[in-house]
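Right, one structure below, let's go through it.
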Amino acid sequence: MSIVLTHAYYLSTDPKEHRIMKPYPPLGQLYISSYLEKYDVKNYVFDTTFSSKEEQLQFIQAKKPDLVAIYANLMTKVEVIELIKILSTDAVYGFPKIVLGGPDVTYNTENYLKSGAQYIVIGEGEETLYELYLAIKNKTEINNVSGIAYLDNEKVIKTSARVKMKDLSVLPLPNRKAIDMQLYLKTWKNNHGQSSMTVSTQRGCPYTCKWCSTAVYGQSYRRRPAKLVAQELAMLKEEYNPDTIWFVDDVFTVSHKWLGEFHKEVIKQNAIIPFECITRAERLNDQVLRQLKEAGCYRIWIGAESGSQKIVDAMDRRVKVETVREAIQKTNKLGIETGTFIMVGYPGEDEKDIAETIHHLKIANPTHFTITVAYPIKGTSLYNEIENDITIQPDWNTSTDRDIDFKRTYHRKFYDYAVRRIVNEVNYFKKGNGLISKYKLKLKSMAALVLMKYYKFR
């Protein structure tokens with residue numbers, strides 16, 4: 001038996017991401033590939049990022065795998081459903097059993113199964129996919145495999161929950177040789193002047209932000225030993241020589257003890273590569289910032305989401321806006337770039353909250369900031385809270401959770417223009433823009449404010 005691991009993200013068909021051109025490889029599937037190889041399970045990874053659906057289908061047709069395991073998330077759901085339909089209806093592909101995993105499948109299990117998938121992997125995929133493979137190969141009872149769902153006479157059967165992997169040291173390194181890593185490195189280098197790679201050191205997040213999905217790794221905290229992470233960085237430095245590393249962890253400095261060990265090991269192993277990471281403001285202090293800088297950190301993304309304490313509390317972020325602001329300022333002073341995330345349109349947010357967010361960004365002065373309009377992901381506390389207030393619920397097969405809308409304080413368009421207002425007003429305030437540029441930014445900010453007023457009462 002053989003397995004093809006694949007996904008359905010095609011960079012060439014995503015205009016926004018094509019402009020940004022900061023793609024990263026499917027790290028989760030590379031972990032699964034290496035885990036399967038550990039047990040001598042024949043598998044192939046078809047990475048679609050720089051490819052097309054036609055090439056993907058040609059590959060599957062040529063390999064005729066027994067299983068096709070597809071990763072699904074919000075961005076790729078519609079393409080995944082289309083891929084399932086093709087593989088399950090055209091005999092040239094050999095009618096492989098289709099297995100789905102990823103963050104979008106846990107709370108949409110029935111929909112995906114009724115779209116043609118045979119099995120859903122709920123949660124972490126390594127152990128579950130291996131055991132499912134053995135059950136299919138040896139024709140043993142499927143319902144003895146923990147962490148899966150399937151249909152039996154149109155009824156959804158969910159087996160017992162998979163116990164989360166506690167000791168992450170048993171995980172082999174991601175099978176990066178299964179794909180063309182040079183495509184990613186060259187794309188980054190050509191578009192941004194420096195190459196970048198991803199590394200994962202932890203699974204799960206112990207925090208309770210209401211809008212955040214914990215569908216795969218759960219509300220937990222598990223960490224790879226710092227020594228092994230440093231070894232991985234040393235290997236990447238030797239084999240790929242990336243200019244930067246992006247640590248994909250939710251809260252990189254959640255454990256100060258682990259960070260101290262990481263700091264010691266990367267220096268000891270000569271494994272320092274400039275990196276950026278995400279963390280929370282209250283998990284930063286002078287010693288942590290010093291260790292991060294000495295270990296190679298050049299940019300820290302510090303979660304804020306809003307400059308309004310009312311909204312931060314509604315999100316259950318459990319942090320003070322002042323703490324976030326001070327952490328950004330302190331990081332800036334140390335010469336480390338800062339980034340922060342902002343979300344507008346959260347339930348209960350009003351015009352005053354938007355003004356407080358603008359004030360927060362001006363005072364904190366992060367090097368970078370990104371903004372999104374809040375949307376409810378199924379399975380999150382936010383979704384549960386607004387479920388009865390949903391105003392737009394598009395057809396599941398042709399939409400994603402991003403398309404869902406709910407009753408907000410103001411019209412949805414108000415928050416679209418609030419994004420423009422925040423971006424232009426904060427950039428106007430920043431130093432470095434010429435007089436003409438500042439004039440244009442101010443005009444755009446004022447125009448957005450007028451349109452916000454217009455949609456405020458519609």
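A few comments on the model shown:
- For segment 1-18, the residues whose backbone nitrogen is under 19 Å from a point 7 Å from the Cα of residue 190, taken along Cα to Cβ, are 10-18.
- Neighbourhood net charge (13 Å Cβ-Cβ; Lys/Arg +1, Asp/Glu -1) for residue 308: -3
- Available extension along the chain between residue 384 and residue 134 is 86.3 nm, counting 0.36 nm per residue and deducting the alpha carbon span.
- Scoring 103-110, 428-435, 27-34, 257-264 by mean Cβ neighbours within 10 Å over their residues and listing the highest first yields 27-34, 103-110, 257-264, 428-435.
- Cubic angstrom per residue, convex hull over Cα atoms of the chain: 151
- Per-residue Cβ neighbour rank within 10 angstrom, fewest leading, 266, 163: 163, 266
- Tilt relative to the chain, helix 77-89 - C-alpha long axis, 0 to 90 degrees, to 10: 10
- At R0 = 35 Å, FRET efficiency that the Cβ-Cβ distance of residue 256 and residue 152 yields, to 0.05: 0.15
- Summed residue charge, Cβ within 10 Å of residue 239's Cβ, Lys/Arg positive, Asp/Glu negative: +2
- Any cysteine of the chain lacking a neighbouring Cys Cβ under 4.7 Å - listed by number: 205, 277, 297
- The distance separating the Cα centre of segment 359-398 from that of segment 411-456 comes to 20 Å.
- Sorted by Cβ density within 10 Å, fewest first, the residues 44, 346: 44, 346
- 2, 195 arranged by Cβ crowding within 10 Å, fewest neighbours leading: 2, 195
- Relative to the longest principal axis of the Cα atoms of the chain, the long axis of helix 412-429 makes an angle of roughly 60 degrees.
- Between 0 and 90 degrees, the angle of helix 321-333 with respect to the longest Cα principal axis of the chain falls at about 90 degrees.
- Evaluated over the Cα positions of segment 1-133, the convex hull gives a direction-averaged projected area, one quarter of its surface, of 7.5 nm².
- Taking 0.36 nm per residue of separation and subtracting the Cα-Cα distance, full extension of the segment from residue 436 to residue 293 would add 47.9 nm.
- Each Lys or Arg adds one and each Asp or Glu takes one away; over the other residues whose Cβ falls under 10 Å from the Cβ of residue 151, this sums to -1.
Any read-out appearing in this document is the output of simple, stated calculations on the displayed coordinates, not a laboratory observation. The structure displayed is predicted, hence computed values, not measured ones. Virtual Cβ from ideal backbone geometry, glycine too; neighbours counted across all protein chains shown.
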